[in-house]
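Data first, discussion second: the structure below is written as structure tokens.
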Amino acid sequence: MKWLLATSLIVAIAALSIPWIFTANFDAATHASVLLAISWIVILAVGIRLFGKRGLWLLIGMPMALYWPLWFLALIVACASNRNYCP
């Protein structure tokens, strides 16, 4: 369980810090952040499958792993509802 929690936190921190790493290429940052969020969700599913309720400790990384993908989703929804909200 400890190695899975450590892997989950490493992936979550990487997903959160990607935009600061890829400052020159925003498209690469977007793709990398979404891919890391998907991999974090897979790690969460494996942890819950293997450990049951004890696997819920992996949810600690959720705010970090899903911050940018949810931000991008909110931007897409805002742009779809009103063009004036688009950057």
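Just so it is clear, none of the values below were taken in a lab; they were calculated from the coordinates. Every value quoted in this text rests on a predicted model; they were computed, and no experiment measured them. Cβ coordinates were reconstructed from backbone atoms using ideal geometry, including for glycine residues, and neighbour counts include every protein chain displayed.
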Margin query: What distance in nm separates the two pseudo spin-label positions at residue 53 and residue 13, each 7 Å out from Cα along the beta-carbon direction?
Written below: 3.0
Next item on the list: Anything in the chain that counts as a DSSP H helix reaching 30 Å or more along its axis (C-alpha) with Kyte-Doolittle mean of at least 1.0? List them, would you?
Entry: 26-51
Check: If you take the Cα atoms of the chain, find Rg, then find the Kirkwood Rh from the mean of 1/r over all pairs, what is Rg/Rh?
Finding: 1.08
Check: Quick one: if you stick a label point 7 Å off each Cα along the C-beta vector at residue 21 and residue 3, how many nm between them?
Finding: 2.2
Next item on the list: Give the long-range amide H neighbours of residue 22: residues separated by 5 or more places, or on another chain, with amide H under 5 Å away, using H modelled in the peptide plane at 1.01 Å from N.
Entry: none
Note to self: Looking at the chain as a GNM with Cα springs under 10 Å, which of 45, 12, 65 has the largest mean-square fluctuation?
What the structure shows: 45
